[in-house]
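**Student:** Below are the structure tokens for one structure; questions will follow.
The values are calculated or read from the model by the stated rules, or taken from the named source; none is laboratory data. Being a predicted model, the structure only gives us computed values, none of them experimental. For accessibility, only protein heavy atoms count, side chains too; no ligands or nucleic acids. Shrake-Rupley method; radii C 1.70, N 1.55, O 1.52, S 1.80 Å.
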Amino acid sequence: VQLQASGGGLVQAGGSLRLSCAASVNIFRLNVMGWYRQAPGKQRELVATITHGGDTNYAAAVKGRVTITRDGAENTVNLQIDSLKPEDTAVYYCCVRDVDQRNYWGQGTLVTVSS
């Protein structure tokens, strides 16, 4: 599985971004799809996940500001982030898990939020 993330950039606090991750396989063959992030000097952390069945899970730090969706026609998993804060600055990675419980990571896209 290959993943290509896009949509990062520089945005002012309070703004919005939509990240997209294109998968090389039919996303409905995957068990879980998600987004993680890693801020400078910090460990990678979960942002949001969506399961094969459509169940979603969000980290407490972003709940209410983030929406994860998937598009079967485009084979993408998308992350809408609203009300961005400087502490959202990080490299955002998409990750998927296949039916054999193998994880695949995208290359990351940088989100920078200015105050």
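**Student:** If you restrict to DSSP beta bridges whose two residues both lie in the chain, what percentage is antiparallel, to the nearest 5?
**Tutor:** 90 percent
**Student:** What whole-number value in Å² describes the accessible area per residue of the stretch 9-115 for a 1.4 Å probe?
**Tutor:** Here the per-residue accessible area is 52 Å².
**Student:** Using amide H atoms built in the peptide plane, which far-off residues or other-chain residues are under 5 Å from V25 H to H?
**Tutor:** Amide H to amide H, under 5 Å and 5 or more residues apart or across chains, V25 pairs with Q2.
**Student:** Connecting C-alpha atoms closer than 10 Å in a GNM of the chain, tell me which of G15, G53, G41 has the biggest fluctuation.
**Tutor:** Highest fluctuation among the options: G41.
**Student:** Quick one: 3J(HN,Hα) in Hz for the stretch 59-75, Karplus 6.51/-1.76/1.60 with θ = phi - 60°, rounded, Gly and Pro as x.
**Tutor:** Those phi angles translate into 5, 4, 5, 10, 4, x, 10, 10, 9, 9, 9, 9, 10, x, 5, 9, 6 Hz.
**Student:** Subtracting the Cα-Cα distance from 0.36 nm times the residue separation, let me have the gained length for N57 to D82 in nm, one decimal.
**Tutor:** Stretched out fully, the N57 to D82 stretch lengthens by 7.3 nm.
**Student:** In addition: Give me the percent of accessible area attributable to carbon and sulfur for the chain, probe 1.4 angstrom.
**Tutor:** Solvent-exposed carbon and sulfur of the chain make up 46 percent of the total.
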